[in-house]
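Have a look at the structure below, then the notes.
Values in this text are rule-based calculations from the coordinates and carry no lab data. Small disclaimer: the values here were computed from a predicted structure and weren't measured. Positions of Cβ are backbone-derived with ideal geometry, glycine not excepted, and every protein chain shown enters the neighbour counts.
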Amino acid sequence: MTQTKDPRQIIEVDRSRPAERTKRARQEQVARRDPARRYIAVAGTIGAGKSSLVEFLCQRYEIEPYFEPNEENPYLADFYEDMEKWSFASQIYFLTAKFRLHLELDATRHNVIQDRTIWEDAEIFAENLYQQGMMDQRDYETYRRLYDSVSTQIQPPDLMIYLRCPIKAVKKRIATRGREMEQNIPHAYLKRLHHLYEDWIDSYDLSPLVIIPSHKLDYATDLVDCHDILTTIEKYL
């Protein structure tokens with residue numbers, strides 16, 4: 001996994017291959033967008049601080065935010081009560097909503113930033129449900145076929161920001177923000193998400209990547225942390 005000896009260090013990684021991405025995009029007829037504008041994505045597990053970072057960056061730059069449609073998902077409360085029964089319906093809703101969102105931001109002419117991406121929906125959440133037997137193979141294969149088709153129609157971000165946050169800090173944040181439907185999420189579920197995120201980010205190669213230890217850096221009140229984060233991200237704007 002992509003780790004560092006200094007727990008406060010911001011890590012920059014670029015495993016992407018621009019020429020191959022450009023060729024693939026032409027072959028798959030991905031929608032064109034203004035080359036001058038930037039698309040930033042923020043990834044991270046539940047409670048990692050994605051929405052807070054998006055709001056923070058929007059206050060400092062001319063960037064339009066796109067947030068995860070959690071509150072609009074009519075299956076989410078049922079899913080947290082019975083994950084096996086409602087996993088497929090909930091994931092299909094998120095995939096559909098994210099695809100619509102991606103098409104919208106691909107068509108914009110100004111800088112945008114997104115709170116959680118379609119890649120996380122498939123590679124983390126749907127994968128976890130399948131591995132744990134909460135989504136059967138037939139539903140999973142249907143979901144993956146749809147995801148594979150959808151993913152050819154959207155463009156990767158110009159920068160992926162991954163918020164690394166240990167489970168202990170995640171659970172504390174979930175308790176603090178008090179969303180009722182999140183309070184009964186099993187520890188084992190959060191642990192599996194954490195490992196899937198780390199595995200996914202360790203092989204992520206769609207774009208340049210910045211890894212921020214969100215449990216260690218206080219960009220809201222610490223001027224040094226704020227400067228370090230902004231200086232890093234400004235390279236990609």
* Asked: Identify, please: which residue in the range 204-237 is hydroxyl-bearing (Ser, Thr, Tyr) and in contact (Cβ under 8 Å) with a residue 24 or more places away in the chain and is, among those, nearest to Ile11 (Cα to Cα)?
  -> Thr232
* Structure fact -> Of the residues in the range 49-81, those that are hydroxyl-bearing (Ser, Thr, Tyr) and not in a helix (DSSP H, G or I) number 3
* Give just the number: which of (1) touching a residue at least 60 places away in the same chain (Cβ under 8 Å); (2) outside any loop (DSSP other than H, G, I, E, B) does Lys98 not satisfy? => (1)
* Asked: more than 20 Å from Phe125 (Cβ to Cβ), touching a strand residue (DSSP E or B) at 6+ places or on another chain (Cβ under 6 Å) and in contact (Cβ under 8 Å) with a residue 60 or more places away in the chain, is that true of Leu159?
  -> yes
* Qualifying positions in the range 64-85 - crowded, with 19+ Cβ neighbours inside 10 Å and over 26 Å from Lys168 (Cβ atoms) -> Tyr66
